[in-house]
Amino acid sequence: MPASQTKLSKQTRKHGVAGVTHVAIIGAGRGGTALLEIFANDPLVDIVAVAEIDASAPGLALAKRFKIPVTRDYRMLLNLERVDLIIDVSGSPDVWQSLQDFHRMGVTILGGASAKFMWELIEARIRATAEIEKTLNKYQSLYRLYVKETGAAVTEERTRIACEIHDGLVQSLAGVGFKLELSQQLIRKDPKASLATLRESKEQLKHAIHEARQVIFNLRPLQYDKMELIPGLTNYLKSYETQYHIKTEFTVSGDEQILFPRTKIFLFRIVQEALSNVVQHAKADRVSVRLTIDLDILRVTISDNGVGFDMQHVLHNPAKWDHFGVRGILERAKLVGGEAKIDSKKGRGTKIVVEVPLGKKEHSNDGKN
């Protein structure tokens, strides 16, 4: 046996491993690369050597990484002491003709159309696995974003509700308490003044009850037994207009029944956050919400006639995203597979467009995600 053949044989020999198939591969092009990728990590396969004459073949880099011996002469593989299967994916008619004339007890030769079918099948499996991993990574990223957004949303809602209760309900109740004390002091000295103070206290108490109901409504914006989005938005906008004295306009087209409950909730929160931003920053006296539900896409447009802001400046300064409510709107849109676009200029108001593609599963009408 030549010295080079002895070296190759010693390099590839495995001892004491039962049930392992020892494979030699001729060709390191597309076919050889596919075989190397799938077989190299298979515990029941030992790739003993690869034969390839083209130094630029892509499979050679893989062979080097997996520490698999390489030779330019495929005939050296035929004389290996330990080989059970030789697979020819070189595409050379001469090599395949030579292999058909090779016969050795215990060695199987695979080539031609059979070998091509094998590596094409393996290559398809590799592509499918890569696509699955890509999709899995995408959903893992969305899940992490969902968990992050959910935690942030809970904190945000608690802070917002605490501010609403402190600035509205608590102040109103404190005012009622003060007037009742004053009425008690006046009841003997000036009964008429005491009665007027009681009337004021009654009106203020009605206002406090309304504020308490508003806080509860903001916690449960949709009718949870039916998960109705349009009635929920209608009621919210009426209450919003009364509370903040901002004229609202709401237009709808389409049927909300094709939407998942989760999509409805996130959409409501986007509208709620956008309108909260109008109150805090826009100094607007008019706002419009337009909801369009088509078979393929859901679109909501929120516009105001407020002071606006420099959108490009805000986008390049993430520290300001939370201040202007940009982050919450963009991330909530992503969580339902959609996209939000915000257009604002100083002195020209702000326009927010949220688009959510509606896939086939949105049309199932079973309300399940």
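Values in this text are rule-based calculations from the coordinates and carry no lab data. What you see is a predicted model, and the numbers here were worked out from it, not measured in a lab. Don't worry about glycine lacking a Cβ; one is built from the backbone with ideal geometry, like all the others, and counts go over all protein chains shown.
Brief remarks follow.
- Loop-located trypsin sites (Lys or Arg not before Pro) in the stretch 26-125, at most 11 other Cβ atoms within 10 Å (DSSP): 67, 72, 104
- Long-range amide H partners of residue 47 with built H, under 5 Å: 23
- Residue exposure sequence - 244, 236, 139 - by fewest surrounding Cβ within 10 Å: 139, 244, 236
- Across the cross-link table entries 202/351; 264/351; 238/264; 67/138, which are compared at the Cα atoms, the separations over 29 Å belong to 202/351; 67/138.
- The string of couplings for the stretch 347-355 from the Karplus curve (6.51, -1.76, 1.60, θ = phi - 60°) is x, 10, x, 9, 10, 10, 10, 10, 10 Hz, one whole number per residue in order, with x for Gly and Pro.
- Shape class for the stretch 3-110, computed from the alpha carbon gyration tensor (a ≥ b ≥ c): rounded, with a/c under 1.5.
- Built amide H within the under 5 Å cut-off of residue 305, gap 5+: 285, 286
- Residues in the stretch 80-85 carry Karplus couplings, in order, of 5, 5, 10, 8, 9, 9 Hz; the curve used is 6.51 cos²θ - 1.76 cosθ + 1.60 with θ = phi - 60°, and Gly or Pro positions show x.
- The tail of the calculated P(r) for the stretch 236-330, taken as Cα-Cα distances beyond 20 Å, holds 42 percent of the pairs.
- Rounded to the nearest Hz, the phi-derived 3J(HN,Hα) couplings of the stretch 177-192 under the Karplus curve 6.51 cos²θ - 1.76 cosθ + 1.60 (θ = phi - 60°) are x, 5, 5, 5, 5, 5, 4, 4, 5, 8, 4, 9, 6, 8, x, 5, where x marks glycine and proline.
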